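The block underneath contains the structure these notes are about, expressed in structure tokens.
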Amino acid sequence: MNKQRVCDYNFNFFTLKVIKLVLLSFIFLFLIVFGISLFIPSHVRISRAVNIMSSADSVLGKISDMNKWKEWYPGFDTLHVEPLSSKEGRLISAKLSATLISITVDKRDEVKAEFRSGNKNPIISGWEARSYNNSDSLTLQWYLDFKLKWYPWEKFFSLAYDKMYGTQMEEGLRKLKKNVER
């Protein structure tokens, strides 16, 4: 009977040491990952550009009207778009399933749209047209701005945004260029 108590005590002591080691290892690993994530910026911008042989009005006209996004925006032609509001005959606010899209800036050389899903930070999509004096084309820059929370997993996941969104942006700019230059 006495020998049994000694074995139980040794087993419980060993179990507590293992649990303590696992718990401390987990906390230490989390602190290392969190510390590394502090070096990843909380604002990420992905940008692509293309030269287009056209005027800024015709290019940004295709961008400032969401009805025309089906012609060039990747994947937009297959989605069900629920129009919400229009301005001067252009669709400026729409809903795609759980995402609300609104044109927030519509200037002569710049258009910005805000993509908002639930309580997440909005994604800002912007297009800027630049023309130069001795050039017969304009440069259209498309960028996506992401504001990240402090969560380590969100910051580490943002490292893959360029691969995820960059190719789609290039495809969209190619389609837009082809559509406008026709």
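Laboratory data are not the source of any read-out in this text; all were calculated from the coordinates shown. Being a predicted model, the structure only gives us computed values, none of them experimental. All Cβ positions, even for glycine, are placed from backbone atoms using ideal geometry, and neighbour counts span all protein chains on display.
Under a 5 Å amide H cut-off, with hydrogens placed 1.01 Å from N, Val105 pairs with Lys112 among residues at least 5 apart or on other chains.
Under a 10 Å cutoff between Cα atoms, tell me which one of Met66, Met169, Met53 has the largest fluctuation in the Gaussian network model of the chain. Largest GNM mean-square fluctuation: Met53. Summed over qualifying helices (DSSP H, 4 residues or more, each -39500 (n - 2.57)) and divided by its residue number, the chain shows a 222 nm mean residue ellipticity of -13000 deg cm²/dmol.
Phi-derived couplings, Karplus 6.51 cos²θ - 1.76 cosθ + 1.60 at θ = phi - 60°, listed residue by residue for the stretch 56-71: 5, 4, 6, 5, 6, x, 6, 8, 6, 10, 5, 4, 8, 5, 4, 6 Hz, with x used for Gly and Pro. Which of Trp127, Trp142, Trp153 moves the most in a Gaussian network model of the chain with Cα springs under 10 Å? In this elastic network of the chain, the residue with the biggest mean-square fluctuation among Trp127, Trp142, Trp153 is Trp153. Taking amide H as placed 1.01 Å from N in the peptide plane, the amide H of Ser54 sits under 5 Å from that of Leu138, each at least 5 places away or on another chain.
Dividing the C-alpha radius of gyration of the chain by 2.2 N^0.38 Å, with N its residue count, gives 1.63.
Taking only the Cα atoms of the stretch 15-94, the radius of gyration and Dmax are 24.7, 73 Å.
Compute the label zone of Lys95 within the stretch 107-124: residues whose backbone N is under 15 Å from the point 7 Å along Cα-to-Cβ. Output list for this probe position: 116-119. Taking Leu24, Leu148, Leu91 as the candidate residues, the one with maximal mean-square fluctuation in a Gaussian network model of the chain, Cα springs under 10 Å, is Leu24.
In order along the stretch 99-110, phi translates into HN-Hα couplings of 10, 9, 10, 9, 7, 9, 10, 9, 10, 4, 10, 8 Hz, rounded to whole numbers, per the Karplus curve 6.51 cos²θ - 1.76 cosθ + 1.60 with θ = phi - 60° and x for Gly and Pro. Looking at this model, which pairs from Lys70/Lys163; Lys62/Lys178; Lys70/Lys177 are more than 19 angstrom apart at the alpha-carbon? From the list (Lys70/Lys163; Lys62/Lys178; Lys70/Lys177), the Cα-Cα distance tops 19 Å for Lys70/Lys163.
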